[in-house]
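The values are calculated or read from the model by the stated rules, or taken from the named source; none is laboratory data. Computed from a prediction, not measured in an experiment: that's the story for all the values here. As a convention, Cβ positions derive from the backbone with ideal geometry for all residues, glycine included, and neighbour counts pool all protein chains shown. Surface accessibility is based on the protein's heavy atoms, side chains included, excluding ligands, DNA and RNA. Shrake-Rupley method; radii C 1.70, N 1.55, O 1.52, S 1.80 Å.
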Amino acid sequence: MVARSSEVRRSAVRHSASRGADGRRGRRVARMAGLGLGGAALLVLLTGCNVGSAFGGFGWPQGGITPEAHRMYDLWIASCIAALAVGVFVWGLIFWCVVRYRKRGNELPVQTRYNMPMEFLYTIAPILIVSVLFYYTAIVQTDVVRTTKNPDVTVEVVAFKWNWQFNYRDGQGQDANTVASVLGTSDVIPILVLPTGRSIRFEETSRDVIHSFWVPEMLFKRDVFPGKIRNVFEVSELESEGAYVGRCAELCGSYHAFMNFELRVVSPEAYDQFLAAKRDGKSTQEALSAIGQDPYAKTTKPFETRRTEANFNPDDAPAGAGN
């Protein structure tokens with residue numbers, strides 16, 4: 001029996017179309033695999049080098065001196081790398097669509113509906129990404145905000161317009177006693193002396209408005225509230241000796257920008273000597289000199305308040321005139 005020519009032609013067209021569709025599907029799969037492998041290779045490449053140093057920490061302070069600072073820095077860098085990997089993948093898809101489906105005439109490209117693999121991809125993939133980021137964020141946050149019952153050192157941080165007072169305490173809470181204190185003035189930057197290798201508890205309170213206690217190399221900034229609220233956090237240890245600038249990171253008034261202090265990290269032996277000198281009645285500068293430290297701040301300097309001058313409206317200026 002001989003087949004008709006029309007049947008042969010239809011059969012040939014079907015087979016040809018099937019082979020063409022299979023070829024296109026194969027090329028699409030190859031392209032997707034190539035994009036996936038390229039993204040994976042980029043991620044491995046980025047994680048294999050010091051990305052934080054190359055890109056300035058992506059805005060995060062570098063050179064942390066506490067284990068908590070290192071954990072937060074690593075989480076930030078990993079999040080930025082993940083965001084870049086997703087961005088490169090999405091940008092690649094966008095540019096591929098722009099090139100692949102650019103206008104070649106008046107005929108529209110094939111319209112595809114209900115592509116279940118694609119819908120599954122762009123629905124599940126974001127959920128997985130957010131879940132992973134949330135998981136690691138929760139772990140790092142829980143570790144960073146953890147407090148202990150018996151820290152080695154307890155410091156009460158008292159903020160006021162526009163300076164700081166640091167009280168070394170013999171226990172935790174408002175009922176503890178202050179054994180030594182450092183008070184900043186308009187002429188002298190307050191220096192907070194702390195030891196390496198010991199856990200340190202900070203209890204913060206304010207005498208007037210909301211301030212913020214921030215040493216970029218030590219930990220994230222913590223708000224200092226007035227009233228009975230005491231913001232408490234701990235660092236497990238300070239790893240590196242040195243002088244580090246501290247700042248108020250909350251807009252608190254006219255001289256907010258000059259409300260600085262200095263963190264001086266010393267050895268445990270030097271810290272004990274400093275505290276003993278303070279207990280004996282020596283000034284902060286005398287106690288610092290006794291342990292071989294510079295008596296005044298090295299990372300910042302006092303500000304000129306000009307509070308004794310009528311600098312905004314001099315007394316000898318005519319009425320209505322400014323200066």
**Fill in**
Condition set open to solvent by less than 30 Å² (accessible area, probe 1.4 Å) and of a type in the set (A, V, I, L, M), scope the range 275-286, selection nearest to the chain's Cα centre (by Cα): answer is LEU275
**Item:** Yes/no for ILE129 being touching a residue at least 24 places away in the same chain (Cβ under 8 Å) and part of a helix (DSSP H, G or I)
**Value:** yes
**Prompt:** Quick one: how many residues across the range 89-114 are closer than 20 Å to ALA125 by Cβ, at pLDDT 80 or above and either open to solvent by 100 Å² or more (accessible area, probe 1.4 Å) or more than 42 Å from the chain's Cα centre (by Cα) (or both)?
**Reply:** 2
**Fill in**
Scanning the range 200-222 residue by residue, those closer than 25 Å to LYS298 by Cα and open to solvent by 10 Å² or more (accessible area, probe 1.4 Å) turn out to be ARG201, TRP214, PRO216, GLU217, PHE220, LYS221, ARG222
**Request:** Give me a count of the residues in the range 158-183 that are under 20 Å from ALA276 (Cα atoms) and open to solvent by less than 60 Å² (accessible area, probe 1.4 Å).
**Result:** 11
**Prompt:** Going by the structure shown, is ASP187 among the charged types (D, E, K, R), touching a Pro at 6+ places or on another chain (Cβ under 6 Å) and open to solvent by 10 Å² or more (accessible area, probe 1.4 Å)?
**Reply:** yes
**Complete:** Taking the range 184-222 and keeping residues assigned to a strand (DSSP E or B) and either of a type in the set (Asp, Glu) or in contact (Cβ under 8 Å) with a residue 60 or more places away in the chain (or both) leaves ILE191, LEU192, VAL193, LEU194, PRO195, GLU203, GLU204
**Fill in**
Residues of the range 287-302 being crowded, with 16+ Cβ neighbours inside 10 Å and under 16 Å from LEU183 (Cβ atoms), in sequence order, are ALA287, LEU288, ALA297, PRO302
**Prompt:** Only one residue in PHE233, PHE202, PHE225 is modelled with pLDDT of 95 or more and under 25 Å from THR142 (Cβ atoms), so which one is that?
**Reply:** PHE202
